[in-house]
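Comments concern the structure below.
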Amino acid sequence: MEEHRLEESYLNTSSALHRRHYGQYFTPDAIADMMKQWVLHNLEGERLLDPAVGLGKLIKNIPSTYKIDAYEEDSEILDANRNFFNSQSAVQLHERDFLSEGWDTKYDAILCNPPYIPFRNEDEREIYLNLFRQRMDITLSTYTNFYGLFLLKALHQLNENGRAAFIVPSDFLNARYGTKIKEYLLLDCSLSMIINTDIQMGWFKGAATTSSLLLFDKSKKTDTIEFIRTQSDIELEQAAAYITSSREKPIGIVRRLQDLNPASKWRLHFYQENQKRYTNVQPLNHFAAAKHGMKTGSNQYFCFNNSKMKQWQIGSQHFLPCLSKSSQLKDPFFTYIDYKRLVQQDEQMLLLCVDDKQELEHAVMQYLADGKAHRVDQRHTIRSRTPWYRFSVLDPAPILVSVFNRKSIQIVRNKTNVRHLDQLIGIYLYEEYEQDVDLFMAYFLSDIAQELMANPHKEYGKDLKKLEAKDVNTSLVLDVQALTDEQKHEILDIYTRLEYLMIHDGDEREKTYHFQMLNDVFNALIRPCEDEEELGQTQKG
């Protein structure tokens, strides 16, 4: 209760800007207890490290037999609990940057909730990345977050018989910048378990990400990692009891190190169902290519509505119709009527495309000059382009997928010639499958499509999920080659009626009925393979 009041007091007295600057998110009590139970269980030794001590929650109630080194750069958060640090003779407080010093000191136990912040500027990034190249001979991505640096350096300082527990965002499990971190973890062979929160649980207030508890034991070099997914407080309690038990019967999914690819998305290993193989499916890239929408470098600058176009008096010949954000798509079918309605609502549905081969009219030149005056031409994506206002233009995509989704993945049949920007992913069918676009869209409307596409994504907080084009390319879709003509006609008959009902605001009961008909068809076609023989037959068929 006292710790809760301390946190509340600090939250009330410190600014949100200050906490964001230092990446401060407080460890939940249940997680802190799990971390301490793990590192102290059957531990031999006496030196303990907390690289980012904050208010000191992780080192409270540690037995006095341990000598504790605690690092913290932020004097403001230390002042909030200065009495505690001064009263603990076993705690040596270092008000310095953990990443910059103490590299050769070894510890028997490490507890860490590192700061959740990216590099603040290019100079800082270069300093730290050079330091890790020199000290650990590891070349990290420029997108690496500070928590990845804390994790690597702390493990570097863990004794051969030591134990460690980290609570970190789970982003690195899927992100490209996490590849080098995962390579190190596989070579180190001490990561015993990863306990992942379901996105609905939200371990950290205000942190828009899911979190993972990483448990290390260097006294027992392992050739496996157990992936444990917790979806409720009860499951978290079960995991807490499990980690200090004999662990004879796994509660998660065990993967051999040799089967883990550091470049792949490790979040998939929390889902047993992803290991199933299904009948009558193929990866999407067998039939199509998924591509992110056009990257302008500044949608605010290059996108227009009618009001902005009239204000600058730029002729309509300089614009392409476009979807500037995914929220402009409300239904599974996007038509010209929908586009015209959004234009009338003064939505940004026009994309400025300047053809520098033609003589520029005065209004366009004025607008480009205004862009340079506001340094639009110096933005990160834009400054390398020649000329700066020209970008690659994609063809309209027949099927669109929203990059950011919540409870379900938004997939829309584009019935227009409207282009899409980078909040959307376009599915472009190869020429030999273009006539099957409605068969694929029918599949995307089904529940099984949502199920098979649900897991390969990056997750943020509050149900927010992010898809990449490569995720969509590897998603399993209906194998249209495996269908008979009769099956194709059955699917298209249902789909055509459903499309009509959706576009013309038809009866809700009839819509529900046709959705269920589609589900029934695809549930019969796409099901988990019972054995290898059935899988072989479907692949041949």
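The values are calculated or read from the model by the stated rules, or taken from the named source; none is laboratory data. For clarity, every value in this text was computed on a predicted model and none was experimentally measured. In this analysis, Cβ positions are derived from the backbone assuming ideal geometry, glycine residues included, and neighbour counts consider all displayed protein chains. With ligands, DNA and RNA removed, areas are computed over all heavy atoms of the protein, side chains included. Shrake-Rupley method; radii C 1.70, N 1.55, O 1.52, S 1.80 Å.
Kindly provide the set of residues from the stretch 343-400 that are open to solvent by less than 40 Å² (accessible area, probe 1.4 Å) and small (Gly, Ala, Ser), ordered by number.
The answer is Ala363, Gly371, Ala397.
Could you list, in sequence order, the residues of the stretch 280-290 that are within 24 Å of the chain's Cα centre (by Cα) and surrounded by 19 or more Cβ atoms within 10 Å (Cβ to Cβ)?
Residues satisfying the conditions are Leu284, Ala288, Ala290.
Mind listing whichever residues of the stretch 313-342 are exposed (fewer than 15 other Cβ atoms within 10 Å of the Cβ) and of a type outside the set (S, T, N, Q)?
Once the filter is applied, which keeps residues that are exposed (fewer than 15 other Cβ atoms within 10 Å of the Cβ) and of a type outside the set (S, T, N, Q), the stretch 313-342 yields Gly315, Lys330, Asp331, Tyr336, Ile337, Lys340, Arg341.
Considering only the stretch 263-279, I want to know if a residue exists there that is among the hydroxyl-bearing types (Ser, Thr, Tyr), open to solvent by 30 Å² or more (accessible area, probe 1.4 Å) and at negative phi. If you could, list the steps in order and put the result at the bottom.
The initial filter retains those residues of the stretch 263-279 that are among the hydroxyl-bearing types (Ser, Thr, Tyr), namely 264, 271, 278-279.
Still in the list and also open to solvent by 30 Å² or more (accessible area, probe 1.4 Å): 264.
Retained after the next criterion (residues that are at negative phi): 264.
Yes; the residues of the stretch 263-279 include at least one that is among the hydroxyl-bearing types (Ser, Thr, Tyr), open to solvent by 30 Å² or more (accessible area, probe 1.4 Å) and at negative phi.
Which count do you get for residues in the stretch 424-454 that are over 16 Å from Thr279 (Cα atoms) and among the hydroxyl-bearing types (Ser, Thr, Tyr)?
Number of matching residues: 3.
Is there any pair linking a residue in the stretch 159-185 that is under 26 Å from Ser219 (Cβ atoms) to one that is part of a strand (DSSP E or B) and among the β-branched types (Val, Ile, Thr), with Cβ under 6 Å and at least six apart or on different chains, and which?
The qualifying pairs are Ala164/Ile110.
When Leu6 is evaluated against the numbered criteria (1) closer than 25 Å to Glu160 by Cα; (2) touching a residue at least 60 places away in the same chain (Cβ under 8 Å), which criterion, by number, is the only one it fails?
Status for Leu6: all satisfied but (1).
So in the stretch 105-116, with the set limited to residues that are within 34 Å of the chain's Cα centre (by Cα) and in a loop (DSSP other than H, G, I, E, B), which one is surrounded by the most Cβ atoms within 10 Å (Cβ to Cβ)? Break it down stepwise before answering.
Looking only at the stretch 105-116, we keep the residues that are within 34 Å of the chain's Cα centre (by Cα), and these are 106-116.
Still in the running and in a loop (DSSP other than H, G, I, E, B): 106, 113-116.
Details: Lys106: 14, Asn113: 29, Pro114: 24, Pro115: 22, Tyr116: 21.
Selected residue: Asn113.
Per-residue answers, yes or no, for (1) closer than 19 Å to Ile425 by Cβ; (2) of a type in the set (Val, Ile, Thr); (3) modelled with pLDDT of 95 or more:
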site	(1), (2), (3)
Pro283	yes, no, no
Lys291	yes, no, no
Ser316	no, no, no
Pro321	yes, no, yes
Ser324	yes, no, no
Phe333	yes, no, yes
Lys340	no, no, yes
Asp356	no, no, no
Glu361	no, no, no
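Mind listing just one residue for me: the one in the stretch 401-434 that is under 30 Å from Gln366 (Cα atoms) and charged (D, E, K, R) and, of those, surrounded by the most Cβ atoms within 10 Å (Cβ to Cβ)?
Our first condition is that a residue be under 30 Å from Gln366 (Cα atoms); within the stretch 401-434, this holds for 417-423.
Then drop every residue that is not charged (D, E, K, R), which leaves 419, 422.
Details: Arg419: 22, Asp422: 16.
That would be Arg419.
Would you pick out the residues in the stretch 308-339 that are over 34 Å from the mean Cα position of the chain (by Cα) and closer than 24 Å to Arg375 by Cβ?
Of everything in the stretch 308-339, those that are over 34 Å from the mean Cα position of the chain (by Cα) and closer than 24 Å to Arg375 by Cβ turn out to be Lys308, Met309, Gln311, Trp312, Gln313, Ile314, His318.
Please return the ranges of helices (runs of 4 or more DSSP H) entirely within the stretch 438-508 where 2 or more residues are charged (D, E, K, R), at pLDDT 95 or above and more than 17 Å from His286 (Cβ to Cβ). Break it down stepwise before answering.
Details: elements: 447-453, 469-474, 485-503.
Answer list for the stretch 438-508: 485-503.
What strands (runs of 3 or more DSSP E) lie completely within the stretch 1-100 and have 3 or more residues being closer than 24 Å to Gly148 by Cα and open to solvent by less than 30 Å² (accessible area, probe 1.4 Å)?
Output list reads 47-50, 67-71.
Assess whether Thr230 counts as being among the hydroxyl-bearing types (Ser, Thr, Tyr), open to solvent by less than 60 Å² (accessible area, probe 1.4 Å) and without any contact (Cβ under 8 Å) to a residue 40 or more places away in the chain.
Working: among the hydroxyl-bearing types (Ser, Thr, Tyr): yes; open to solvent by less than 60 Å² (accessible area, probe 1.4 Å): yes; without any contact (Cβ under 8 Å) to a residue 40 or more places away in the chain: yes.
Criteria met by Thr230.
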